[in-house]
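The values are calculated or read from the model by the stated rules, or taken from the named source; none is laboratory data. Please read all numbers here as calculations on a predicted model, not as lab measurements. Because the Cβ atoms are built from the backbone with ideal geometry, glycine has one as well, and the counts that use them run over all protein chains shown. Note: accessible area is taken over every heavy atom of the protein model, side chains too, but ligands, DNA and RNA are not part of it. Shrake-Rupley method; radii C 1.70, N 1.55, O 1.52, S 1.80 Å.
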Amino acid sequence: MFEFAVAVFFLLITPGPGVLTTAGIGSSFGFRAGLAFVAGLMLGGFINMMLVVSGVAAVALAIPVLRTLLLFASVGYLGFLAWRIASAGSKVGFSPAVSPLGFANGLTLQFINPKAYVVGTALFSGFAFLPDAPVWEVVIKIVVFNMIWVPVHMIWLGAGAKLGSLELSERSHQRINFAMAASLMVVVVIALASAL
């Protein structure tokens, strides 16, 4: 189980669409404004895990047309998100917006987030530690996952809020934006490479 917890930590601490968007919301709107988005991510992540554990995701992704549609939706959305971050100018995270992304946006993101499916599949198909009690293993994995997931996302939200409150130069903001966008593009490239 220790190996499972370590894998969860390293899979979650690396920037993916959820944490980068969370940090962007924090930098643009503050910590409290990002809580609804994180709650949506959490529920969406749980539903995503259940789709993986139940095999529904595997069945759906075995249908070539559906898999291709999901791939293009994911790549398109993540590419658009990376462009928005990179072109935000002197504001860290996103182009100016009237209101932060909320619960529904977080929930929806998890269904087109390729990293969520990869993480769920890796964690629930590997790291078996209760072969005689698979249901309890899934329950324990979900609890351990969320014990790490929640603090990691709160740290990213707090880091974004802190960045947004700093008086950084325009050049520094642009460098941060570019690094965040480049991280998202790595996810896009990995998603495309895994589909080929």
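Here is how the numbers come out for the structure above:
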item: Neighbours by Cβ (under 6 Å, 6+ apart or cross-chain): first from the range 60-81, of a type in the set (D, E, K, R); second surrounded by 12 or more Cβ atoms within 10 Å (Cβ to Cβ); result: ARG67/LEU61
item: Helices (runs of 4 or more DSSP H) contained in the range 1-63 and holding at least 2 residues surrounded by fewer than 16 Cβ atoms within 10 Å (Cβ to Cβ); result: 2-13, 31-54, 56-61
item: Filter result (among the aliphatic types (A, V, I, L, M) and crowded, with 16+ Cβ neighbours inside 10 Å) within the range 145-158; result: ILE148, VAL152, MET154, LEU157
item: SER183 being in a helix (DSSP H, G or I), in contact with a Pro (Cβ under 6 Å, 6 or more places away or on another chain), modelled with pLDDT under 90 and surrounded by fewer than 19 Cβ atoms within 10 Å (Cβ to Cβ); result: yes
item: Count of the range 123-166 residues which are closer than 16 Å to PHE10 by Cβ and over 21 Å from the mean Cα position of the chain (by Cα); result: 1
item: The range 165-180 - residue that is within 22 Å of GLY76 (Cβ to Cβ) and either of a type in the set (Lys, Arg) or modelled with pLDDT under 75 (or both) and, of those, least open to solvent (accessible area, probe 1.4 Å); result: ASN177
item: Residue pairs meeting the criteria (Cβ under 9 Å; at least 6 apart or on separate chains; first more than 12 Å from ALA5 (Cα to Cα) and without any contact (Cβ under 8 Å) to a residue 60 or more places away in the chain, in the range 115-129; second surrounded by fewer than 17 Cβ atoms within 10 Å (Cβ to Cβ) and basic (Lys, Arg)); result: none
